[in-house]
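The values are calculated or read from the model by the stated rules, or taken from the named source; none is laboratory data. Quick caveat: nothing in here was measured; it's all calculated off a predicted structure. In this analysis, Cβ positions are derived from the backbone assuming ideal geometry, glycine residues included, and neighbour counts consider all displayed protein chains.
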Amino acid sequence: MHTFIKTVQFFILMRRIFISGIYVLFSIVLFNACTTTKNTTTSVESTKDFREELLDTMVFSPDDEQTDSVPKIYRPTATMRYDLLHTKLDIRFDWVKQHVLGKATLDLTPYFYPIKEISLDAVNFDIHAVKLMPEQKEMVYQYDGEKILINLGREYKKGEKIQIFIDYTAKPEESTDKEGEAITSDKGLFFINPEGKIKNKPRQIWTQGETENNKKWFPTFDKPNERCSQELWITVDDIYTTLSNGKLMSSTKNADGTRTDYWKQDLPHAPYLFMMAVGEFYEEKEMWNQLPVHYFVEKGFKKSAKKIFNHTPEMLTFFSDKLKYPYPWDKYAQVVVRDFVSGAMENTTAVVFGEFVQKTDRELIDNDNDYIVAHELMHHWFGNLVTCEEWTNLTLNEGFANYAEYLWFEHKYGKERADYHRLTEMNGYFSQAYSQGAHPLIHYYYGNKEDMFDAHSYNKGGLVLHMLRNYTGEEAFFASLNKYLKDNAFSAVEVDELRMAFEDTLGEDLSWFFNQWFLQSGHPTFDVTYVYDDVTQSMKVQVSQTQDSIQYPSVFVMPLDMAAYYADGKVSNHKFMMDQRNQTFIIEGLQTKPEVVAFDGRNSILGLINETRTTEENIALYKFSKNFGDKMMALSDIEDKSVIINDLLSEKFYFLRAIGAESVTEERFLNMPESCRIWFCLTGILR
Amino acid sequence: MRASALQVLLTNSEEEVLPLLKRVVEAEQAYPVLGLALEALSFYDIETAEKYAKRNIEDKSEYITNSLMTVFAATGKAEYLSYFHEKLQEVTLYQLFDFFEKYTAYVEMLPSQNWEEAVLVLSNMALDSGEDPYKKFFCVNALLKLKDSAKAKEGQPYMILAEDIKNKLKDIKNSETDPLLKMRYSEMDIE
């Protein structure tokens, strides 16, 4: 308990990032009927900078349905009886009825075993015709509202091509769940202000496929282990712009005032990544390495379009270089839509963002979108090029995308900025682990696939990759990732493929790492004490792992890199391998007693660390350690910051300087006239 | 960072702070700095703060709204009630706490006839079945607060107001269909 309280105190210091989700906060307020607003006002303040860090389709469940109330069911990867090779869609819309009028032509082939029938996902369709092409033979089929079971008329063997044509009307707005309740967020395709009746709101259509919702607007095999190329003809009134995956091949004006845009993506990707957006957008164009990079925003944000998606070309270069794997797709577009059901979605070459990223230049001064732009871009390698084969392995998409934020911050703004971000991520993970319980990163027993979009798949996934990078070293880490991408490009993966890429690169077994971090729950808690022996000039470090040994591994095998800091500013690093629950390490051959020792000398461990330090030791840690996490930990325990104020105000990283400034304010505040103090407190100007 | 630095400078004497604040509100682009300066200026020189706040009144950014509301509330002038009501329509979930705290404090400063307008707007929103439940909940809380404030004030108009708010709260409570809100309302002391 002590560890947790100390951790909370530490994060309170980082008050801008303490709350893990605004929905959690509001739920608490409404459900607990806290009608006094004074205390909670501070909480709302603290969420302001953090609220937009809810990325992708991250879900905050009000309770943990997945652990207790739902029986544990193993979630297998979908069986592939056939392989979808190519999808052609010809799409029109009935805005008033909110229907999709579609014609789909699907090319497929038996996966291995011969087949006589195929089952396609297609939810809430009216099916007008199913034909075998090219002979246009009417097919016998059964449709239960969710799947079309088509009798092929004969047996097809592996290698034989089958082409199916389906004429249909999709009714995503009329979708209901199993209880008959209207589905609001999983409709797959959304009409926004379809009749144009809402003032100041644009008419738009956009799609959101992840997890398995694109089957609500076209027939497909809607599983992440499938992938196919695509062509899409979208017919809309000529005033609208369209966007889809791949290249815009042609745009043809029709006699009836409509226009048909033809989009084509040659490289295969998973069905959940198919997308479409229709609206009156302003389109800003750039080029990167001969590839189009386009930004679509509402016309009122024309001036800020580039800045909203700031650094996109630079990020394309950065990630291509870092991974030594050039951006693999044929364009990169980003679009902002209204009422998006998620933060952003990494549809291949056509990323959709919620309107919260749409800001004016002035708003962007203090609230840029770097983190989310980096996140979605990284998915174009991890998620779109190499895709998790089932949502159980979602962290192979989201963990990397989250870690991309760290990598970008480190590259662009320095390690301290990246480490600040790492602490927010760690806070998010701990919040969930302690409030809702922990589950393995690779979670074969989830309750609902949507539950996988949580602070484990995202935050913990990224934090574990950071540890792996620290263990392997920079060069080996990125060489392994390069191998993983090359070996698995355009295919579906599970975590073993990542492990094997690392093992093949390093020539070293890494099961111990992957088993404990990916396949088991939780994180370690370390209680650490230091005893210096003047006679032997050695430091005895006693470490106990005190995490719950029933739910979590009783022993986390941990490579340790302790740092000893000396009065002259020097530092010595000491590596150990911890493989027991209680273990003592001796740091020998010390010339003099260190001012302070840091157990996690590289600030890379995902875990709780209890180190009892005196104020002097905390001051030494703040002054001598270069690690942002160490500095923050020390600052949380240094009550009187006047002794380090000059150092704080000289810090390179703004966040630390701001802490310095705030401590000056607090000190001076006490000397202000009482009338000023009261007023400033009431208004919240000085907090 | 500059907002934190400005906070430090706010602890200086009025003679030092005032010229600085005037310079900041004249030219500052970053909302956190501008907002802090406007709010602080309203403490030292409300007229100047009001002048600069009005200059930004058309700025729709949520990043400055809160500071503008602080300044307008500090003027105690009823002419800004419509600004608050316009913002009430636009206020997002993230801003609800700040907004309602400022809004109720502002209304309490106004003459009783302005309260009537505020009570009508709040109760209409609370009765609107298509409105966001969080916003409705905050409207009801604000009405409760205004009712208690009216009760504590002297004079016939405030007594009538308190009774009117009580009746409106009963209507809201009786007509609400959302189970969660119904439960919350049942725990409230409307009398």
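Tabulated data
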read-out: Subset of segment A:668-684 that is in a helix (DSSP H, G or I), under 40 Å from the mean Cα position of the chain (by Cα) and facing chain B (nearest Cβ under 10 Å) - its residue that is modelled with the lowest pLDDT; value: A:Leu682
read-out: When residues of segment A:114-163 are limited to those that are small (Gly, Ala, Ser) and under 29 Å from A:Asn213 (Cβ atoms), the one surrounded by the most Cβ atoms within 10 Å (Cβ to Cβ); value: A:Ala122
read-out: Verdict on A:Tyr295 being out of contact with any strand residue (DSSP E or B) (no Cβ under 9 Å at 6 or more places or on another chain) and either farther than 16 Å from A:Trp206 by Cα or of a type in the set (Phe, Trp, Tyr) (or both); value: no
read-out: Single residue of segment B:72-130 satisfying the filter (β-branched (Val, Ile, Thr) and in a helix (DSSP H, G or I)) that is farthest from B:Glu62 (Cα to Cα); value: B:Val119
read-out: Of residues in segment B:89-114 being within 14 Å of B:Ala73 (Cα to Cα) and among the hydrophobic types (A, V, I, L, M, F, W, C), the one farthest from the other protein chains (Cβ to nearest Cβ); value: B:Leu110
read-out: Number of the exception - A:Glu135 against (1) of a type in the set (Asp, Glu); (2) outside any loop (DSSP other than H, G, I, E, B); (3) more than 38 Å from the chain's Cα centre (by Cα); value: (2)
read-out: Filtered residue count, segment A:481-517, keeping only those that are of a type in the set (S, T, N, Q), assigned to a helix (DSSP H, G or I) and under 21 Å from the mean Cα position of the chain (by Cα); value: 2
read-out: Residue within segment A:375-388 that is over 21 Å from A:Glu284 (Cβ atoms), away from chain B (no Cβ under 12 Å) and part of a helix (DSSP H, G or I) present; value: yes
read-out: Output for segment A:518-538, where each listed residue is without any contact (Cβ under 8 Å) to a residue 40 or more places away in the chain and either part of a loop (DSSP other than H, G, I, E, B) or closer than 26 Å to A:Gln436 by Cα (or both); value: A:Val535
read-out: Filtered residue count, segment B:143-184, keeping only those that are within 14 Å of chain A (Cβ to nearest Cβ), surrounded by 14 or more Cβ atoms within 10 Å (Cβ to Cβ), farther than 18 Å from B:Gln113 by Cβ and under 22 Å from the mean Cα position of the chain (by Cα); value: 3
read-out: Options A:Ala658, A:Ala620; residue that is out of contact with any His (no Cβ under 9 Å at 6 or more places or on another chain) and not assigned by TED's automatic domain parsing to the domain that holds A:Tyr532; value: A:Ala658
read-out: Single residue of A:Ser521, A:Ser549 found to be over 25 Å from the mean Cα position of the chain (by Cα) and either closer than 19 Å to A:Met578 by Cα or among the β-branched types (Val, Ile, Thr) (or both); value: A:Ser549
read-out: Hey, A:Phe319 assigned by TED's automatic domain parsing to the domain that holds A:Lys223 and more than 30 Å from B:Thr65 (Cα to Cα) or not; value: no
read-out: A:Asp640 being at pLDDT 95 or above, surrounded by fewer than 17 Cβ atoms within 10 Å (Cβ to Cβ) and more than 11 Å from chain B (Cβ to nearest Cβ); value: no
read-out: Count - residues of segment B:42-68 that are in a helix (DSSP H, G or I), of a type outside the set (Val, Ile, Thr) and touching a Phe, Trp or Tyr at 6+ places or on another chain (Cβ under 7 Å); value: 3
read-out: Out of A:Glu508, A:Glu494, A:Glu474, sole residue that is over 25 Å from A:Phe599 (Cβ atoms) and either at pLDDT below 95 or surrounded by fewer than 20 Cβ atoms within 10 Å (Cβ to Cβ) (or both); value: A:Glu494
read-out: Scope segment A:593-624; condition within 22 Å of A:Glu425 (Cα to Cα), without any contact (Cβ under 8 Å) to a residue 60 or more places away in the chain and aliphatic (A, V, I, L, M); matching residues; value: A:Ala598
read-out: Residue count for segment B:131-168, restricted to those that are farther than 16 Å from B:Glu101 by Cα and either assigned to a helix (DSSP H, G or I) or among the charged types (D, E, K, R) (or both); value: 21
read-out: Output for segment B:46-69, where each listed residue is more than 10 Å from chain A (Cβ to nearest Cβ), surrounded by fewer than 16 Cβ atoms within 10 Å (Cβ to Cβ) and of a type outside the set (A, V, I, L, M, F, W, C); value: B:Glu47, B:Lys51, B:Lys54, B:Arg55, B:Glu58
read-out: Within segment B:1-35, considering residues that are touching a helix residue (DSSP H, G or I) at 6+ places or on another chain (Cβ under 8 Å) and of a type in the set (Gly, Ala, Ser), the one surrounded by the most Cβ atoms within 10 Å (Cβ to Cβ); value: B:Gly35
read-out: Selection status of A:Ser511, more than 18 Å from A:Asn482 (Cα to Cα) and not assigned by TED's automatic domain parsing to the domain that holds A:Ser431; value: no
read-out: Hits in segment B:1-42 (condition: among the hydrophobic types (A, V, I, L, M, F, W, C), within 11 Å of chain A (Cβ to nearest Cβ) and over 25 Å from the mean Cα position of the chain (by Cα)); value: B:Met1, B:Ala5, B:Val8, B:Leu9, B:Val17
read-out: Candidate set: segment B:99-118, residues that are farther than 18 Å from B:Lys151 by Cα and either in contact with a helix residue (DSSP H, G or I) (Cβ under 6 Å, 6 or more places away or on another chain) or at pLDDT 95 or above (or both); chosen: the one surrounded by the most Cβ atoms within 10 Å (Cβ to Cβ); value: B:Tyr103
read-out: Filter result for A:Ile586 (of a type in the set (A, V, I, L, M) and either outside the structural domain of A:Asn618 (by TED's automatic domain parsing) or part of a loop (DSSP other than H, G, I, E, B) (or both)); value: no
read-out: Filtered residue count, segment A:242-272, keeping only those that are among the hydroxyl-bearing types (Ser, Thr, Tyr) and closer than 16 Å to A:Tyr332 by Cα; value: 2
